[in-house]
Amino acid sequence: MLTVRATRPSDLAACLDIVHGRYAFSDGDERAALAYWNHLLESRAGLSRVLTTLAGPDEGRILVFALCVFVTDDFMREALTTLPPHLGLQAVRRWRSGKRVHLALREIARDNAGDGLNLLTLAYGTAPGLPRDVDLQARAMMAAAGRDMFSGYRIKNLVQEGLGTELHADLLATGVKVLRSFPTHAPVDPCRRNGPPTHVYGLNRDGRPEDLGPHWWMFFNPPEPRLGLSEAEKETLERALENETDDDMARSLGISIWTVKKRWQNVYSKVEQVAPALLSAVGNADETGGASGFERRRHLLAYVRQHLEEIRPREVLRR
């Protein structure tokens, strides 16, 4: 059995072991990559998931790793024109030398409400030797996880590198385009997933709806959030979607259980003002968090899963 979850800082050494293109990293690059990836997770500037085994002798083994980041306009422009292959490695080296690569959380919130965001797949890896059926299942699960990670952000450019002609065909089948080709000096192994990148793939918001298709169109044109949640309230819902209990949140955030419950009360109050139908069918929550409270939360989380724009960082624009 396999499961997908958010990447933890403690996972990163194992993720580095399987990341594609690792052969191009020097020892210094590897240390810098671990520091950079950790910074992205801790600052919430990176979007990352791992796929692991859920049971058996290898329980907890990381089979797939993905890390995406919102990069500056300058870095995106260079990625599409002049940067050498291994864009994730180039980003690590830029960050290591003190140059700007990614947007901080407040900048993500600003651009998510404004012109939009440049999303780059910074690192991706799969464990070697996966059986074909496991590999296919893992790819499907990570594709679904990617949709959840990206949904609700206002994206203007979506970019990743690819290796080998097998993945080339897979990527084109999803509707993405070749944005740049790197020169190759030797035949490309169709099944290779580790070696010099051959292409940069992606999409941009300038495409017509009929070119992008309904699947990709929603990433570039998400609905407007309507609940008006604070960042603390968004964090509460986001953690609840990751199956954290109120007690888990209190421990991980270093706040009291009563603060967590107050956040929920504030969320319900805003929902009742803006979209009362979301909660009216299940009645009012009692003060002890009984059955009606459970139902309210279940219905609210079901709505948020379909409307992830409600919990994305977003600056309130003053008119």
For segment 59-84, pairs from a residue that is in the same structural domain as Leu103 (by TED's automatic domain parsing) and under 27 Å from Ala127 (Cβ atoms) to a residue that is β-branched (Val, Ile, Thr) and assigned to a strand (DSSP E or B), with Cβ under 6 Å and 6 or more apart or across chains, are Glu59/Thr53; Gly60/Thr52; Arg61/Thr53; Ile62/Val50; Ile62/Thr52; Val64/Thr126; Phe65/Val50; Cys68/Thr121
Identity of the residue in segment 270-297, surrounded by fewer than 18 Cβ atoms within 10 Å (Cβ to Cβ) and at pLDDT 90 or above, that ends up nearest to Leu237 (Cα to Cα): Lys270
Being touching a residue at least 40 places away in the same chain (Cβ under 8 Å), closer than 27 Å to Asp111 by Cα, buried (at least 21 other Cβ atoms within 10 Å of the Cβ) and under 18 Å from the mean Cα position of the chain (by Cα): is that true of Leu87 here? yes
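Going residue by residue through segment 47-62, is there one that turns out to be under 18 Å from Leu89 (Cα atoms), in a strand (DSSP E or B) and modelled with pLDDT of 95 or more? Break it down stepwise before answering.
As a first pass, look at segment 47-62 and keep what is under 18 Å from Leu89 (Cα atoms): 47-48.
With the extra rule that they be in a strand (DSSP E or B), the set shrinks to 47-48.
Going one step further and asking which of them are modelled with pLDDT of 95 or more, we end up with 47-48.
Yes, segment 47-62 has at least one match.
Restricted to segment 63-93, and to residues that are part of a strand (DSSP E or B) and among the aliphatic types (A, V, I, L, M), which residue is nearest to Asn157 (Cα to Cα)? Break it down stepwise before answering.
Step one: filter segment 63-93 for residues part of a strand (DSSP E or B), giving 63-71.
Within this subset, residues satisfying the condition of being among the aliphatic types (A, V, I, L, M) are 63-64, 66-67, 69, 71.
Numbers: Leu63: 28, Val64: 24, Ala66: 18, Leu67: 16, Val69: 12, Val71: 10 Å.
Result: Val71.
Filtering segment 136-192 down to residues that are of a type in the set (S, T, N, Q), exposed (fewer than 14 other Cβ atoms within 10 Å of the Cβ) and part of a loop (DSSP other than H, G, I, E, B), which residue is modelled with the lowest pLDDT? Even if it seems obvious, please write down each step before you answer.
So in segment 136-192, the residues of a type in the set (S, T, N, Q) come out as 137, 151, 157, 160, 165, 174, 181, 184.
Restricting the remaining residues to those that are exposed (fewer than 14 other Cβ atoms within 10 Å of the Cβ) gives 174, 181, 184.
Within this subset, residues satisfying the condition of being part of a loop (DSSP other than H, G, I, E, B) are 174, 184.
Details: Thr174: 78, Thr184: 70.
Here the answer is Thr184.
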Considering only residues that are out of contact with any strand residue (DSSP E or B) (no Cβ under 6 Å at 6 or more places or on another chain) and surrounded by 15 or more Cβ atoms within 10 Å (Cβ to Cβ), look in segment 7-30 and name the one that is nearest to Glu107 (Cα to Cα). Leu12
Report, ordered by the first and then the second residue, all pairs with beta carbons closer than 8 Å, sequence separation of six or more or different chains, a first member in segment 128-148 that is polar (S, T, N, Q), and a second member that is surrounded by 13 or more Cβ atoms within 10 Å (Cβ to Cβ). Gln137/Leu2
Return the residues of segment 1-26 that are assigned to a helix (DSSP H, G or I) and either farther than 18 Å from Arg96 by Cβ or modelled with pLDDT of 95 or more (or both); say none if nothing qualifies. Pro9, Ser10, Asp11, Leu12, Ala13, Ala14, Cys15, Leu16, Asp17, Ile18, Tyr23
Within the bounds of segment 31-39, is there any residue that is surrounded by 12 or more Cβ atoms within 10 Å (Cβ to Cβ), aliphatic (A, V, I, L, M) and under 22 Å from Ala138 (Cα atoms)? no
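The values are calculated or read from the model by the stated rules, or taken from the named source; none is laboratory data. The structure displayed is predicted, hence computed values, not measured ones. All Cβ positions, glycine included, derive from the backbone under ideal geometry; neighbour counts span all protein chains shown.
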